[in-house]
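Where a number appears in this text, it was derived from the coordinates with a stated rule and is not lab data. Because the structure is a prediction, the values reported are computed rather than measured.
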Amino acid sequence: MPKPVIELLVNNHPGVMSHITGLFSRRAFNLEGILCGAIDGGDKSRMFLMVDEDKRLAQLIKELERLHDTLAVNLRHDIDHHIFDPLRAGA
């Protein structure tokens, strides 16, 4: 079964990535892959976080939704994981 991917829409400014990854660190929840890029002229960013399936995942998503700079959170199971592997992305 493919690993779930959390898709986030966030405000884009210094420190946002640190807040997101800090939440994972404080909960001892491993990030398997991170892909992030600016959108909307740089005011927002879309982040894709590949994670392990875990019973704590629903709680973590609720906590992500409460972060000040988080605008949207979606749990996806349809993402091609090759986007997280730069050596295979073009394959």
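Among all the aspartates and glutamates, which ones have a C-alpha under 19 Å from Lys55's C-alpha, if same-chain residues fewer than 8 places away are not counted?
Glu7, Glu32, Glu63, Glu65
Just Arg66, Arg46, Arg26 to compare: in a GNM of the chain, with alpha carbon springs under 10 Å, which one fluctuates most?
Checking each option, the largest mean-square fluctuation is seen for Arg26.
Hey, what did segment 5-84 get for relative contact order, percent, Cα under 8 Å, at least 6 apart?
45
Using alpha carbon coordinates only, what is the Rg to Rh ratio of the chain, with Rh defined as the Kirkwood radius?
On the Cα set of the chain, Rg over Rh gives 0.95.
Below 26 Å, Cα to Cα, which lysines can Lys44 reach? Residues fewer than 8 away in the same chain don't count.
Reachable lysines: Lys3, Lys62.
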